[in-house]
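Data block below; observations after.
The values are calculated or read from the model by the stated rules, or taken from the named source; none is laboratory data. Predicted model only: the values in this text are computed from it and were never measured. Don't worry about glycine lacking a Cβ; one is built from the backbone with ideal geometry, like all the others, and counts go over all protein chains shown.
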Amino acid sequence: MALAFEGIDGTEPAQPWNLTDLDRVLAAIDQLAHAGTPSPIVVPREHPRLGGWASLARDTSRRARLADCSAWAASHLPLLITLEDEGLAAAQGSSLVHFDMYPHNILLTTDQVLFADWPHARLGAPFIDLLLLLSSAAASGIDPEPILARQPLTAHIEPHAINAILAAHAGFCLAGALLPAPPGLEPIIEANSAWAAPPPNGWRGGSSATARARPHDGSAAVNGLTVRPLESGTDLFRPG
């Protein structure tokens, strides 16, 4: 067995995100989605990095601690499980998906954007990596919805499908945050906890039809995404 490495003269994107770096990475994700559809390599179809609400509901210990992270989520588990199921269905596809599209797996050089750490690659919908990346932008206080609205990858995707995948993604992060930390993996669990925790003042902006989140409006933030009850009576995960 031989291992080969290449030294890359580059850096991770600045955190919190700046729009210059974010635009570069968004363009690269669009190129990746087109080059990877259909997937040029054989990878599994299951999506272990989406979903978590159903497993939380079955785990009495974690369910008991869920309210400490999000009282809203704890009282709306049936809704979240339904959204999660819809998200898992909407995430199916034939594209090569990185499935761990976070800043620590991205390297910027003077003229390239490189994606590292591919053990979680799966077949799926071509816009999944875009949604994961924008959830990290939301954690930087950037309103992701106007950015999402101008992305070709999601131009013809129903908003409910996007919301459902985001719900499944938030379930994965929060379920992981409530797991005991194996020795040596404490930073990962801490990172999941940070993703799952609501920001102190909520995310600003939001060009959706939903109102901006306020303490009295029944909303709750999970994983940088705000769960808001819409006027139609349907609760959806909305970025922002």
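Residues in the range 5-28 that are touching a residue at least 24 places away in the same chain (Cβ under 8 Å), part of a loop (DSSP other than H, G, I, E, B), within 21 Å of Leu134 (Cβ to Cβ) and not aromatic (Phe, Trp, Tyr): Glu12, Pro13, Gln15, Pro16. The residue that is surrounded by the most Cβ atoms within 10 Å (Cβ to Cβ), counting only those in the range 73-86 that are of a type outside the set (Ser, Thr, Tyr) and over 19 Å from the mean Cα position of the chain (by Cα), is His76. Taking each residue of the range 159-186 that is modelled with pLDDT of 85 or more and looking for partners that are exposed (fewer than 15 other Cβ atoms within 10 Å of the Cβ) with beta-carbon atoms closer than 6 Å, six or more apart or interchain, yields Leu178/Arg65. A search for C-beta distances below 8 Å between a residue of the range 133-148 that is in contact (Cβ under 8 Å) with a residue 12 or more places away in the chain and farther than 16 Å from Tyr102 by Cβ and any residue that is small (Gly, Ala, Ser) and assigned to a helix (DSSP H, G or I), counting only pairs 6+ apart in sequence or on different chains, returns Ile147/Ala137.
Among the residues of the range 96-145 satisfying the criterion of being β-branched (Val, Ile, Thr), farther than 16 Å from Ile41 by Cβ and part of a strand (DSSP E or B), which is nearest to the chain's Cα centre (by Cα)? Of everything passing the filter in the range 96-145, Ile106 is nearest to the chain's Cα centre (by Cα).
Scanning the range 94-106 for residues that are buried (at least 17 other Cβ atoms within 10 Å of the Cβ) and in contact (Cβ under 8 Å) with a residue 40 or more places away in the chain yields Ser95, Leu96, Val97, His98, Phe99, Asp100, Met101, Pro103, Ile106.
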